[in-house]
1. Over the stretch 273-353, what lengths in whole Å, largest first, do the semi-axes of the equivalent ellipsoid take, defined as the square roots of 5 times the eigenvalues of the alpha-carbon gyration tensor?
2. Treating the stretch 65-138 as a set of equal point scatterers at the Cα positions, no solvent, please give the Debye-formula log₁₀ I(q)/I(0) at q = 0.19 Å⁻¹.
3. Seen from all sides and averaged, what is the projected area of the convex hull of the Cα atoms in the stretch 225-278, in nm²?
4. Two-decimal Rg/Rh of the stretch 117-186 from alpha-carbon positions, Kirkwood Rh?
5. Can you give the percent of C-alpha pairs in the chain whose distance is more than 30 Å?
6. Could you put SER119, SER364, SER256 in order, starting from the residue whose Cβ has the fewest other Cβ atoms within 10 Å?
7. Whole Å is fine, so just give me how far the alpha carbon centre of the stretch 298-332 lies from that of the stretch 176-230.
8. Could you tell me which of LEU83, TYR418, ILE245 has its Cα farthest along the dipole of the chain towards the positive end, charges placed at Cβ (Lys, Arg +1; Asp, Glu -1), taken about the Cα centre?
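Derivation of every value follows stated rules applied to the coordinates shown; laboratory data play no part. This one's a predicted model, so the numbers in the text were calculated from it and none came from an experiment. Don't worry about glycine lacking a Cβ; one is built from the backbone with ideal geometry, like all the others, and counts go over all protein chains shown.
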Amino acid sequence: MNAPMYRRRVTAVAAAALSLTVAAGAAGCSGKSTGGGDSGGVKTGPGVTKDKITVAALTDMTGPYAALGKGVTQAQKLYYDQLNAAGGVCGRKVELVVRDHGYDVQKALAAYSEVGPRSAAIPQVIGSPVTMALKQRLENDHMLTIPQAWSHTLLGSKYIQLSGTTYDIDILNGVDYLTRTQGLKKGDKVGHLFLEGDYGQSALAGAKFAAGKLGLSLVEQQVKATDADMTAQVGAFKKAGVKAILVSVSPKQAASLVGVAAAAKLDVPFAASNSAYAQQLLATPVAPALQKDYYVITAAPPFSADTPAMKKLAGEYQMAYKGQPLDSSVYSGYTTAAIVGEALKKACADKDLSRDGIVNAHRSSKAFELGFGGAPMDFSQWTKPAARASYVVKPDKGSVGGTKLVEEAKESELVKGYSAPAGG
């Protein structure tokens, strides 16, 4: 699955997630007419009525990315609450309907069958395998969809928008960082722990390209989403004599990797995909090892970045969700909600709130940014990543959001010479 990562424990919220509906000033949803036609001179379509625009989130509140799902969903609720407080879109309130799939493809397909027909757009789908399973239906329905997933295999669809970089791009920028700052050099062996499926394969594509260009030897270790103990993988890396390890798994698996490596005295730097870290790991025994040599490569700036926009979002989120982690999932959720929100505003100005009108409005944006930092995203073409520059951040208990900035976003020479394959 980007993310940036993760990127990101749910109690009462998870128990209610299957029926959770988030909306400013309203609870629940009608489940009736999908809308459509013409309303006050504005063309409408499914999910749009005279007083409401419905958007849907297919999230993970109970599976391996539950921490990510909770942060993303709460941040999206915050955005739409703010949008509605400012008057909504075209005189309509925007309602976010949330369904928990628990990172189970079949549950996600069933959830889409329920909420898809009455939604105008989908600002959240967690997981590359879930998004891939839904891809044909999303295209048939002309549904603007923003996954919390960053596999390059999702490129190539007019209706599916990946935010920021893709996993292969981040890994390329990560290998570049290791060679510039951590002593990695030609002839060295580099381990790569990656998850089976689109997430891991996308990251692996970047790792293989980098290894070929720099003369590195790649030691591959693939794991399943259900694998919890990385002892065997660490053993393989140590036996091979790796000088660094690339990490493209879930946060819990990454924690096992780093903890076992520390116990085995495998003292090497790690460069991790955005989905291989969550702030909650800093409350576990593996925290000291994570803070030592674990680098997260991501399109998202850290909340500890000294920018007015990040400080504003941090303050608003902490006020709305007191005591909740403030990590990259919050940034990702807020910005992806805003991507859909800005498309709705533009579609309103164009007097076309049909699904095609929303998609066309979105694709007209060539330099999208909300003032948080990083390179603007180009949404006008869908065969290439929206951005190609990655930040390097590091776990840090003393920093807001649990990470500190190591290096500003940059596009490496490796990325400049790389063309991401179109979606599969």
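1. 31, 15, 11
2. Evaluating at q = 0.19 Å⁻¹ gives log10 I(q)/I(0) of -0.84.
3. Mean orientational projected area (the stretch 225-278, Cα hull): 3.4 nm².
4. Rounded to two decimals, Rg/Rh equals 1.17.
5. Here the tail beyond 30 Å accounts for 37 percent of pairs.
6. Least crowded to most crowded, the residues run SER364, SER256, SER119.
7. Here the answer is 29 Å between Cα centres.
8. ILE245
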